Amino acid sequence: MPGTAGKTISEERAAMLTITHTHEAGTLIEGTTKGDGTAEILKANRWRLGRSIGSWYLPNSRDHRPDKYRIQPTITALEAAGFDVTTELDNTVRSTAEVEAGKIARQEARVDALAAKADRKAGAAEAAWQRHERDVARLPEGGEPIKIGHHSEQRHRNAIARADNSMRRSITAADDATHAAERANAATRTTAGRYSGSQVFNRIQKIEADIRRTERRITAATYDPESGYRPTTDDEKAARTRRLSPVLEELRDKLTYWQGIREQQINSGDVTNYTPQQIKKGDAVKVCGQWRRVARVNPKTVSLETGYSWTDRATYAAITDHRAAS
């Protein structure tokens, strides 16, 4: 079981550590034990301990290719501390449909877990309030003052203290229950927010930009320390193509998936699909629930009048309704 360091590690370091990576599970490390001295090294390299999975992991490594720029410094640090480290890195990439199905399933499980936690917290808050009511019921009726020097003085003071403490505990429990309920409610909206029309549209725009950026990297000029930038040779372009082809393939698969989602949303009427050809200067468009006058039509956005010397901008995906000026 992984854990924090503390004791002598002469025997533990003889064990082999293995850093593994799969697209579904992310980057994990196997072979660590509590007190073997790995915890400080892994923390320094931004690994986290996943108690639910019983292993250290690299954050944000799931559903991505292995990140050698984060893995190699960890290997170097562990080897410098006397550990033997091997790697089992799988570069196989799942389809975007599989990735998204996994995300949705994990989110549903998280919603269920948070809902159960909220129920437990609510029950604990109710029980804490009932305990407080019982403590209050034990106080003398009518707000009787403490009788100084009387044999009942200490009992009276203890009863007041119990009522005060139970009230504080009930307030804390109620706050915990409210926070748990808010987290559960927020979790129920995560997937819907991820698949909202504007999010899907913006994601498509970003993926298209990433594809163009990656394609430019293949033909970009090569920097020579002595002569500066020079044209890239065919051999260099071929090498870049081999290296970046898997990245482009993954990006194009993502683009196909999200374009399919947007097409479904448009066909079902869940979102609009306005274009610059449909919007004219002077038209009224509905953005964020408000009707706004169009000041200018741009290739990717519309400029909206504000009544002042400046204009606001909105993407076409943000337009939910349209009225022609006529």
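The criterion of at least 2 residues that are buried (at least 17 other Cβ atoms within 10 Å of the Cβ) and either without any contact (Cβ under 8 Å) to a residue 12 or more places away in the chain or not small (Gly, Ala, Ser) (or both) is met, among helices (runs of 4 or more DSSP H) falling completely within the range 106-219, by 153-188, 197-219. Scanning the range 73-105 for residues that are open to solvent by less than 50 Å² (accessible area, probe 1.4 Å) and part of a helix (DSSP H, G or I) gives Thr74, Ile75, Ala77, Leu78, Thr96, Val99, Glu100, Gly102. Only one entry of Leu58, Leu89, Leu42 meets the criterion of being more than 26 Å from Glu250 (Cβ to Cβ) and modelled with pLDDT of 95 or more, and that entry is Leu42.
The values are calculated or read from the model by the stated rules, or taken from the named source; none is laboratory data. Treat the numbers as computed from the prediction; the structure is a model and nothing was measured. All Cβ positions, glycine included, derive from the backbone under ideal geometry; neighbour counts span all protein chains shown. Note: areas computed on protein heavy atoms with side chains; ligands, DNA, RNA excluded. Shrake-Rupley method; radii C 1.70, N 1.55, O 1.52, S 1.80 Å.
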